[in-house]
Amino acid sequence: MRIRSITLWLAGGLAAAFGLNAGIAAEGEAPERDYQVPLPEAPAGEVTFEPPAEADIPDNQYGDMVRLGRDLFMDTQRLRGEHVFNDQNCSNCHLDAGRLASSAPMWASVGVYPAYRGKNDKVNTMAERIQGCFTYSMNGVPPEYGSEPLVALQTYFHWLASGAPINESLPGRGYPTLAEPAQAPDRARGAEVYAEQCAICHGDEGQGRRVGERQVFPPLWGDGAYNWGAGMHRVNTAANFIKANMPLGKPGSLTDQQAWDVAAFINGHERPQDPRRRTLDSVDETDEIFHQHMGYYGDEIDGRRLGDHDHYGENPQGAGG
Ligand code: HEC
Ligand code: HEC
């Protein structure tokens with residue numbers, strides 16, 4: 001990130017939201033563009049849509065695919081080593097099995113894809129959107145078109161959206177956008193919020209918590225977490241998510257400023273390299289092309305430049321550059 005002032009930072013975030021991205025070449029064999037643009041704001045108003053109950057999943061082949069999609073969404077670790085190379089499950093950031101309003105629920109997502117996205121200058125299908133979360137949030141290798149995991153996830157989302165309108169953004173979609181913070185997000189203040197309200201579950205070192213083999217609380221930085229290309233590494237996206245959903249069980253209890261500060265603290269830590277770095281010559285270039293938004297990629301913090309490494313976590317596609 002090159003933009004230093006908070007106003008410019010915020011302006012950059014807004015520009016990205018509207019797909020206005022300076023610095024990206026428009027044509028040629030450009031590397032994959034950023035799939036993680038912030039969602040357009042959901043319309044205000046009460047959340048009225050209710051996805052169907054699990055008990056109503058039909059007892060046939062279609063229903064079997066819905067159930068498989070639900071199971072993969074909740075326990076994405078089943079795909080570890082093949083499509084997933086960190087400790088995350090989809091439901092870590094899309095809460096309550098993708099049902100919870102204001103945590104980017106899947107029922108609100110189905111009707112808005114396929115959609116043109118300025119950032120990669122083409123129409124993205126739902127399958128591509130899912131693949132994006134595999135690449136970045138799961139630090140993974142996305143399942144191919146027509147493969148069982150992708151069909152299952154899509155079938156599950158489509159079923160969740162039963163009765164929802166098409167091509168209409170519904171209240172509850174995405175994460176609600178916070179207003180600009182009164183003071184620039186501050187990692188030191190965020191560290192205090194983290195120690196008091198988050199570390200108990202997410203660990204002093206952001207490593208999350210395991211019980212036996214099971215990751216019960218997700219890691220927020222380090223190898224097990226989302227990589228430098230994920231939407232959640234943006235301070236604004238994380239702040240939006242955190243305000244609406246964390247601490248778990250007490251959503252909405254942080255002040256806006258606390259949500260901004262703790263998001264800055266979390267995202268000021270190291271994590272697996274942005275996979276798009278492989279297609280480019282340097283961290284500088286990756287920073288220039290893909291990180292003109294509110295994040296710390298390429299910035300020096302505590303004497304180290306974040307993202308300046310060849311470490312792609314467990315992802316084997318990362319090895320060898
Ligand atoms: C680390 C958090 C995280 C994890 C894990 C994650 N996602 Fe996401 N997902 C996001 C964020 C953040 C967005 C919104 C992007 C933005 O606003 O920049 C998003 C958006 C989406 C969308 C589009 C939503 C919309 O309304 O446009 C879909 C679909 C999706 N994710 C599916 C998945 C699937 C499937 C998985 C598991 C394979 C997954 N996500 C795992 C953070 C995550
Ligand atoms: C009581 C335990 C608990 C507390 C306290 C808590 N969290 Fe979480 N957090 C969770 C769980 C569990 C999830 C995953 C949700 C799920 O899988 O249902 C989560 C998910 C997240 C995520 C999604 C990103 C990812 O990579 O999975 C972020 C960011 C986050 N928490 C930040 C915070 C912050 C910031 C605080 C403190 C203000 C906090 N959490 C406090 C339990 C907690």
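Laid out as a table, the results:
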quantity: Qualifying residue in the range 265-287 (condition: among the aliphatic types (A, V, I, L, M), assigned to a helix (DSSP H, G or I), within 16 Å of ligand 1 (Cβ to nearest atom) and within 20 Å of the chain's Cα centre (by Cα)); calculated: yes
quantity: Residue match in the range 168-185 (condition: buried (at least 22 other Cβ atoms within 10 Å of the Cβ), within 11 Å of ligand 2 (Cβ to nearest atom) and under 19 Å from L100 (Cβ atoms)); calculated: yes
quantity: Members of the range 217-245 found to be surrounded by fewer than 23 Cβ atoms within 10 Å (Cβ to Cβ) and among the aliphatic types (A, V, I, L, M), listed by number; calculated: A244
quantity: Within the range 131-157, considering residues that are aromatic (F, W, Y) and part of a helix (DSSP H, G or I), the one surrounded by the most Cβ atoms within 10 Å (Cβ to Cβ); calculated: F157
quantity: Selection count where residues are of a type outside the set (D, E, K, R), assigned to a helix (DSSP H, G or I) and in contact (Cβ under 8 Å) with a residue 24 or more places away in the chain, scope the range 67-103; calculated: 12
quantity: Within the range 36-66, tally of residues that are more than 11 Å from ligand 1 (Cβ to nearest atom) and touching a residue at least 24 places away in the same chain (Cβ under 8 Å); calculated: 13
quantity: Failed item in (1) more than 8 Å from ligand 1 (Cβ to nearest atom); (2) under 23 Å from M65 (Cβ atoms); (3) within 17 Å of the chain's Cα centre (by Cα); (4) at pLDDT below 95, with R117 passing the rest; calculated: (2)
quantity: Matching residues in the range 104-130 - criterion: being assigned to a loop (DSSP other than H, G, I, E, B), surrounded by fewer than 21 Cβ atoms within 10 Å (Cβ to Cβ) and out of contact with any Pro (no Cβ under 9 Å at 6 or more places or on another chain); calculated: Y113, P114, G118, K119, N120, D121
quantity: The range 132-156: number of residues that are more than 9 Å from ligand 1 (Cβ to nearest atom) and under 17 Å from the mean Cα position of the chain (by Cα); calculated: 3
quantity: Residue count, the range 199-216 (criterion: within 7 Å of ligand 2 (Cβ to nearest atom), surrounded by fewer than 22 Cβ atoms within 10 Å (Cβ to Cβ) and under 17 Å from G268 (Cβ atoms)); calculated: 0
quantity: Every residue from the range 291-321 that is exposed (fewer than 12 other Cβ atoms within 10 Å of the Cβ) and modelled with pLDDT under 90; calculated: P316, A319, G320, G321
quantity: Residues of the range 158-215 satisfying the condition of being of a type in the set (V, I, T) and either in contact (Cβ under 8 Å) with a residue 12 or more places away in the chain or assigned to a loop (DSSP other than H, G, I, E, B) (or both); calculated: I166, T177, V193
quantity: Residues of the range 247-264 satisfying the condition of being farther than 17 Å from A182 by Cβ and not hydroxyl-bearing (S, T, Y); calculated: P247, L248, G249, K250, P251, G252
quantity: Selection count, the range 273-287, where residues are surrounded by fewer than 19 Cβ atoms within 10 Å (Cβ to Cβ) and acidic (D, E); calculated: 3
quantity: Residue ID - nearest to ligand 2 (Cβ to nearest atom), chosen from residues in the range 68-98 that are more than 20 Å from H202 (Cβ to Cβ) and in contact with a Phe, Trp or Tyr (Cβ under 7 Å, 6 or more places away or on another chain); calculated: A97
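Condition check ((1) surrounded by fewer than 24 Cβ atoms within 10 Å (Cβ to Cβ); (2) β-branched (V, I, T)) across all residues:
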{"residue": "L254", "(1), (2)": "yes, no"}
{"residue": "A263", "(1), (2)": "no, no"}
{"residue": "R271", "(1), (2)": "no, no"}
{"residue": "I289", "(1), (2)": "yes, yes"}
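Condition check ((1) within 16 Å of ligand 1 (Cβ to nearest atom); (2) in a loop (DSSP other than H, G, I, E, B)) across all residues:
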| position | (1), (2) |
| --- | --- |
| L220 | yes, yes |
| G229 | yes, yes |
| M232 | yes, no |
| A238 | yes, no |
| I242 | yes, no |
| G252 | no, yes |
| A259 | yes, no |
| H309 | no, yes |
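The values are calculated or read from the model by the stated rules, or taken from the named source; none is laboratory data. Predicted, not measured: the structure shown is a model, and the values here were computed from it. Note that we place each Cβ from the backbone using ideal geometry, even for glycine, and neighbour counts take in every protein chain shown.
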